[in-house]
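Here is the structure we will look at, set down as structure tokens.
The values are calculated or read from the model by the stated rules, or taken from the named source; none is laboratory data. Not measured: the values here are computed from a predicted model. Here Cβ is always computed from backbone atoms with ideal geometry, including for glycine, and neighbour counts include all displayed protein chains. In case anyone asks, the SASA skips ligands and DNA or RNA and just uses the protein heavy atoms, side chains included. Shrake-Rupley method; radii C 1.70, N 1.55, O 1.52, S 1.80 Å.
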Amino acid sequence: MHLAISKRFASIAALFAGIILFAAAPTSGSHAAETIVTKAPMAFLYEPATETILFAKEPDKAFAPGSLAKVMTAATVFQLLKDGELTREQLCKVSEHAWWKGGAPSRRSTMFAAIKSEIAVEDLLKGLLVHNANDAAIVLAECVDGSEEAFAVRMSELAQSIGMTNSVFANPTGYEDKPSKTTVHDQAKLAEFVIENHPELYELFSIPEFTWNKIFQRNKNPLLGEIRNLDGLGGGNTSEDGYSGLGSVDRNGRRVIAAVAGLTSDKHRLQTLKEVFSGAWEYFTVQTIYSAGDVIADGRVYGGAESTVPLVSNKDVDVLLARGDTLEYRIRVVYQGPLKAPVAEGTVAGEIRVIGKTGIVYRAPLVTGGSVPEGDLIDRAVDGVQELLFGWIG
């Protein structure tokens, strides 16, 4: 059952009992709302704290990630470490295959791992994330699953489990001989997963330099040091889909994640990400639409002593919304109903969604704000007759 409530920012009248309309505070001196404009074919901007999509352009269009696949490789190893299937000190052997395909002979990004040497997982992660090392990616894959192909299956399975439904990974390096595919939306989900679930390992992305095999190399992330307060994650490029980038910025305790793809050059990628990131602060402001515990809607109850139960959020509904007064947003409360009595207080019963021009920009669970005991025989009979004759109207 769906209960939809529409809101206009310019309006001041209520459209539904118990629901008040809200307006975004306009930028000083501005008479019209502004928003991010980018020539990037694909772009996505997200604020994880409020779970708000700030900007989306072709968010689910597939592209080949190139070296961005190494972020997924790192996330997979991070999860293995967390699950206790690997340790940081565990040694992994550098095979001839890894040395030849990803090491010095490959003439690609490498940590110069010596053939047949043994390297600790933590050092391989540093090589992977600081040097963008292909040999490190292959050695980790072989150490975990015996081959790149088997490890790629693991990468894809983890991607699916964290909601990256449009991503498939063919190898740990991003080499184009076996193309992988992903989307900017999925890349943002990946960044959020790493930051929230592996904060201590996320710090590896911002290490400024790393020396291995007596060879000093600075961090090869093309975004690090170029965008203020950026502390991860990486970039990639392929001959077919161009340049892509995934970054996260933390300014004054507020973190945002951006992903772009389809750019024509390294310079174009950097400039685009700067524009997208700056838009998070220039064009958006946090608004508390509802406070924790506010009644947002009433859910219908079947067979209860009461016919409805209040639906509330356990936390403030803080949403990043565009400044200005002309953009339209709608709020929708969705729940499966009627709820069958008895209903316990605090039961997850649905969710609140804020919908903008690009789709759902925010969603959060709603719980029952009270309990409803089972009704007597007459209550249940009345509800049964109503459902039989008229169905439920919510």
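Things to note:
- The listed residue being at pLDDT 90 or above and open to solvent by less than 60 Å² (accessible area, probe 1.4 Å), out of Ala349, Ala381, Ala341: Ala349
- Some residue of region 74-92 being more than 26 Å from His185 (Cα to Cα) and among the small types (Gly, Ala, Ser): yes
- The one condition in (1) modelled with pLDDT under 95; (2) of a type in the set (A, V, I, L, M, F, W, C); (3) part of a helix (DSSP H, G or I) that Leu80 fails to fulfil: (1)
- Residue in region 94-107 that is farthest from Thr173 (Cα to Cα), counting only those that are open to solvent by less than 10 Å² (accessible area, probe 1.4 Å) and in a helix (DSSP H, G or I): Ala98
- Some residue of region 291-298 being closer than 21 Å to Tyr46 by Cα and at pLDDT 90 or above: no
- Answer residue from region 327-349, given it is small (Gly, Ala, Ser) and out of contact with any Gly (no Cβ under 7 Å at 6 or more places or on another chain) and is farthest from Val312 (Cα to Cα) among those: Ala344
- Enumeration of residues in region 130-173 that are hydroxyl-bearing (Ser, Thr, Tyr) and buried (at least 20 other Cβ atoms within 10 Å of the Cβ): Ser167, Thr173
- Answer from Phe210, Phe205 - the residue that is under 30 Å from Val121 (Cβ atoms) and open to solvent by 10 Å² or more (accessible area, probe 1.4 Å): Phe210
- With respect to the conditions (1) assigned to a helix (DSSP H, G or I); (2) touching a Gly at 6+ places or on another chain (Cβ under 9 Å), Glu176 falls short on a single one, namely (1).
- Scanning region 108-129 for residues that are open to solvent by 10 Å² or more (accessible area, probe 1.4 Å), assigned to a loop (DSSP other than H, G, I, E, B) and either free of Cβ contacts under 8 Å to residues at least 24 places away in the same chain or more than 23 Å from Gly245 (Cβ to Cβ) (or both) yields Phe112, Ala114, Ile115, Lys116, Ser117.
- Matching option when the condition is modelled with pLDDT of 95 or more, out of contact with any Cys (no Cβ under 8 Å at 6 or more places or on another chain), aliphatic (A, V, I, L, M) and in a helix (DSSP H, G or I), among Leu273, Leu246: Leu273
- Checked across region 323-330, the condition of being surrounded by fewer than 17 Cβ atoms within 10 Å (Cβ to Cβ), free of Cβ contacts under 8 Å to residues at least 60 places away in the same chain and either assigned to a loop (DSSP other than H, G, I, E, B) or of a type in the set (Gly, Ala, Ser) (or both) holds for no residue.
- Residue pairs whose Cβ atoms lie under 6 Å apart, sitting 6 or more positions apart in sequence or on different chains, and linking a residue in region 83-101 that is modelled with pLDDT of 95 or more to a partner that is part of a loop (DSSP other than H, G, I, E, B) and hydroxyl-bearing (Ser, Thr, Tyr), are Val94/Ser117.
- Residue match in region 271-282 (condition: under 20 Å from Pro59 (Cβ atoms), open to solvent by 10 Å² or more (accessible area, probe 1.4 Å) and in contact with a helix residue (DSSP H, G or I) (Cβ under 7 Å, 6 or more places away or on another chain)): no
- Flag for Thr238 being over 16 Å from Thr38 (Cβ atoms), hydroxyl-bearing (Ser, Thr, Tyr) and either without any contact (Cβ under 8 Å) to a residue 24 or more places away in the chain or touching a helix residue (DSSP H, G or I) at 6+ places or on another chain (Cβ under 7 Å) (or both): yes
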